[in-house]
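A short reminder: the numbers here are calculations on the coordinates, not readings from a lab. The structure displayed is predicted, hence computed values, not measured ones. Here the Cβ positions follow ideal geometry from the backbone for every residue, glycine too, while neighbour counts run over all protein chains shown.
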C-alpha cells in the first residue's frame, strides 16, 4: 500500500471520532484537496466546486458515514472479505486506490462479475480525477445488460 493510501485510511479512522465534525470535515477536505491537486492535476476551481457541493447541501457528514460504519460496525472478517454478492458488478482497479482489488479477489467477492479493469493511474477519487476512464468502465460494465 502506498503512503497516500495509508494516509487516507488513517483519516478514515481518525475523522469520525473527532468532537467538532464540521471543523473535521473542512480539515479532511482540505487535506484531500491538497493531495488531489498535486496528484491529479485538478484546478483550484475543481476542488472548490467539490467542497462547496458538500457544504451547500450539508452532506459532508453523511458522505463520511461509510468510513464510520467501517470503523465501528465491521462484520466478522473485516472490510475486504469476499461476501458473495450476487448482483451484476463491474470493478475498476485504479493504481493508487486504498486497496487495488486484484481480479481474483473480485471474482470471489462478486459471483456475477461482468467486467474488470485495471488502470495505471487514479486514486480513491478516480471518478473525480479520471472521469473518462471511470465513465468508460461504467458503460462497458452495463453494456451487456442493456436491452
Report summary line: Here, residue 44 and residue 121, labelled 7 Å along Cα→Cβ, have an inter-label distance in nm of 2.3 nm
Query raised in the report: Using 7 Å Cα-to-Cβ label points, what is the residue 138/residue 83 separation (nm, one decimal)?
Result: 2.2 nm
Report summary line: Fewest to most Cβ atoms within 10 Å: 67, 110, 99 sort as 99, 67, 110
Query - For 137, 45, 69, order by how many other beta-carbon atoms lie within 10 Å, fewest first - result: 45, 69, 137
Query - Which of 134, 94 has the fewest Cβ neighbours within 10 Å, and the rest in rising order - result: 134, 94
Report task. Grab the Cα-Cα distance for residue 111 and residue 63, subtract it from 0.36 nm times how many residues apart they are, and report the gain in nm with one decimal. Result -> 14.5 nm
Query raised in the report: Cα gyration tensor of segment 89-143, axes a ≥ b ≥ c as square roots of the eigenvalues: rounded (a/c below 1.5), prolate (a/b > b/c) or oblate?
Result: oblate
